[in-house]
1. Suppose each label sits 7 Å from its Cα in the direction of the beta carbon; what would the LEU66-LEU504 distance come out to in nanometres?
2. In nm, what is the difference between 0.36 nm times the number of residues separating LEU41 and ARG475 and their Cα-Cα distance?
3. How many nm is it between the label spots at LEU258 and PHE89, if each spot is 7 Å from the Cα in line with the beta carbon?
4. Rounded to the nearest 0.05, what FRET efficiency do ARG98 and ASP359 give with R0 = 41 Å and r taken as the Cβ-Cβ distance? Could you check?
5. Quick one: if you stick a label point 7 Å off each Cα along the C-beta vector at LEU52 and THR339, how many nm between them?
6. Relative to the longest principal Cα axis of the chain, at what angle does helix 214-235 sit, 0 to 90 degrees, rounded to 10?
7. When each pair of different Cα atoms in the chain is counted once in the 1/r mean, what is the Kirkwood radius in angstroms, to one decimal?
8. Please list, ordered by chain and number, the residues whose modelled amide H lies under 5 Å from the amide H of LEU356; skip anything fewer than 5 residues away on the same chain.
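Laboratory data are not the source of any read-out in this text; all were calculated from the coordinates shown. All values reported here derive from a predicted model rather than from experimental measurement. Counting neighbours? That spans all protein chains shown, and the Cβs are built from the backbone with ideal geometry, glycine included.
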Amino acid sequence: MAQPTGTRRLPERTRFDTCGLAALGLLAALLPFELTQPVLLLGSIEVTNVELALYLVLIVWAVIWLRGRRSAWTVVHSAAAAWLAVVVFAALLAPTGRGEALKFALRTLGGGALFFATLDLVSTRRQIAWIALAVCAGAVLSAATGIAEVWLPPMRAGLETFKTQPSFAGGFLRASGTFQYANTAGMYWEAVLPLTLALGVWAVTGSTGNGRPASTWRWWSAAAAVVLVQAVVLTASRAAWWAVAGLLAVLLVAGVRLFRPLRGPVVVVCLALMLFTLGGWGGGGLLALRLLASDEATWLSAEFTNPPTALTMPTGSVTTVPMTVRNTGLREWPRLGSTPVSLSYHWLAPDGKEVLLWDGARTRLPDTVAAGDTVTLQAVIDGNVPPGRYRLQWDLVQEHIAWFSTLGAQTATTWVAVEPRDDAPVVAELPPPIIPVYRERPSRRTLWSAAVGMWAERPLFGIGPDQFRHQVGARLDLATFDTRTHASSLFVETLVGQGLVGLLALLSLLAAVTWTVARGWQRVDGPAPRVLGLGLALGILAYAAHGAVDHFLSFTPTYGLFWLLTGLTVRLFGQEATA
């Protein structure tokens, strides 16, 4: 029987090949669990546990490659090689920060090498399925940690080994699980979602698996997909939510027209997405809030009605004043629970510029206050401050979440004269105040506008890979700027970092993968490999769709998953993996 076009017969597999496949499976499962602390130091280069697993795969692959086990060259090989070459060349041409740019280029080369290694290490559809299963198992376990992070506070301490700090939106916790950031977690879990559902159908149409009735596996995959969807909702990533909705729509159409066993699980997952988004299991509605109102200042805000303009009180005394407050935000104010809302205040200097004491006494609400409702209470003022004239700034606080004013909410002012008294000790001075800082992130429009301006100065090869986050702060004339802030788009980040040549190389790579899938779809025989390939291809599509508004190729787990999915997809559709 003649070999299909674009393939070549590989040497017989050896135990060393089996070790390489095992190493690839280990990496696939380990990708979401990158520790913040390096496990190996090579001079100034820090190697994480995931990078160590990646290098192990590449070392085994290099030996196999030298022994002559090489897959046939495809159009995706050429596109990937061109993309990697442009990244390195752009790093060498970087006018500033060349060292950081070259580090990024080396990481990119490592990811690209994983693509080539995957093609040489995997040769059968069953091996593709087993590697995909390892990817899904790791993702589902990671997603479970994200769910636990939100719903089980004691679990949060155990996740500190995977990230420097939790992710928040408007002071509200977003699930990030074992990832550095919630958006990165959302991207990873959404990309694995279609593959998880596809594996269940692959078991129905192509394998019974461990003697169980084949049909039960699709419901196990549906349960795993529900875990992934719950975790994505808890990330409160709008782009991830829309991407999941789009992926499920494609899978639903595929279930109706191509793969009947896919319909039931996809319907269940769609219902779960709706329930988690709209119901209480959606993290208190944080995602729905972000979908409806992107301005975090509208989430928690208040209007003070006729606050007292001035009052006098003895030092060291406690007094109460009537206060009426209306909830003008979009969230209710809970009275009980771990994050209750209370009325409070800050002691300011008369000019209002210096905070003398941030944390004032709390006045608990008489009941939960719904959005739009008004509450009247007796506000408590603790006058344990030195005698003098102060500006009392009224504010509300949701414990462990945020002070309303740090999110942009309005405050009210009362002038307070604190008088000395003979029967009370005089407070000599106040301790230095601890003031929470809320740094608003520049909008995507602002970041993209700055990126286009920077690209226009170096249009062909850009300012250097990974340099946007180091230079955009100065571009925006910001005194302080978080250098972890990327351009919020894979394509904009590529344009400004690698220039027009780099963007065209990236688009060519995505086009080559698309062409390979379209060309190989009819050639692949049977529903089992097709549904498996659909899950892989949709994972790559998630990168392209979500990548329009976020950037992920700087992080080992996400760039590792991208190249791994690409390698498995090309092996299945472009090189006719055997059964």
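1. Going from the LEU66 label point to the LEU504 one covers 3.8 nm.
2. Numbers: separation 434, 0.36 × 434 = 156.24 nm, distance 3.42 nm.
Length difference between fully extended and current span is 152.8 nm.
3. So the label points at LEU258 and PHE89 sit 3.6 nm apart.
4. 0.30
5. Computed distance between label sites LEU52 and THR339 equals 3.6 nm.
6. 40
7. Numbers: mean 1/r = 0.0378 Å⁻¹.
Taking every pair of different Cα atoms in the chain, averaging 1/r and inverting gives 26.4 Å.
8. Under 5 Å from the amide H of LEU356 lie the amide H atoms of TRP347, LEU348, ALA349, each far enough along the sequence or on another chain.
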